[in-house]
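The values are calculated or read from the model by the stated rules, or taken from the named source; none is laboratory data. All values derive from a computational prediction rather than experimental measurement. For neighbour counting, all protein chains shown are included, and Cβ atoms are generated from backbone atoms with ideal geometry for every residue, glycine included. For accessibility, only protein heavy atoms count, side chains too; no ligands or nucleic acids. Shrake-Rupley method; radii C 1.70, N 1.55, O 1.52, S 1.80 Å.
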Amino acid sequence: NGGDAQLEWVKLYNGTAAPIDLSQYSLWYGGQKYGGTNAQTPMKLQLSGTIPANGCFIVGGPLSIAGVNGTPAPVFNQSVDFNPDIENSGDRADAVGLFKQAANVALNLENLIDTVIYGTTNSDFVGPGTGDAKPPVSVGDAPPGSSIRRKTKATWEINATPNSAPCVVITQ
């Protein structure tokens, strides 16, 4: 949102000893429950390429530039514009999720590998879940010029120097 066109990216991490073919994975993002029934249905992006064993893969861009908070520009493994843009954090939560399924098939929450829910409150029921259960926000509202990243397997943090995107740990 607001000036992010072709500047957004997500870094995926493969913590296994084998390469992972991303042709069976997709990213879903947006401000409503995955597969949402509200006005803002999540967007989806088919991934392609391979994450090397114990390596990273950056998807997004392609116009991210060096110099933002003194950090180098990322090198994109899958250069693609998130269109529409990934939502910025704010007073209502948004989410990005990694699914082990192609983007062109009906969403199955059983295929969710990992997700991050970010913003101030999850009043719109963002992210996976059923019924009235609202997952908690994973990380707060990141200010302009910053990003979010995984700190541990269970926690996320705001990154003031966005030289790395949120890392999603893939386990098979």
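Structure summary
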read-out: Selection within segment 109-132 - modelled with pLDDT of 85 or more and open to solvent by 50 Å² or more (accessible area, probe 1.4 Å); value: Glu110, Ile113
read-out: From Pro135, Pro84, Pro74, residue being out of contact with any helix residue (DSSP H, G or I) (no Cβ under 6 Å at 6 or more places or on another chain), crowded, with 20+ Cβ neighbours inside 10 Å and modelled with pLDDT under 85; value: Pro74
read-out: Test result for Val96, open to solvent by 30 Å² or more (accessible area, probe 1.4 Å) and not acidic (Asp, Glu); value: no
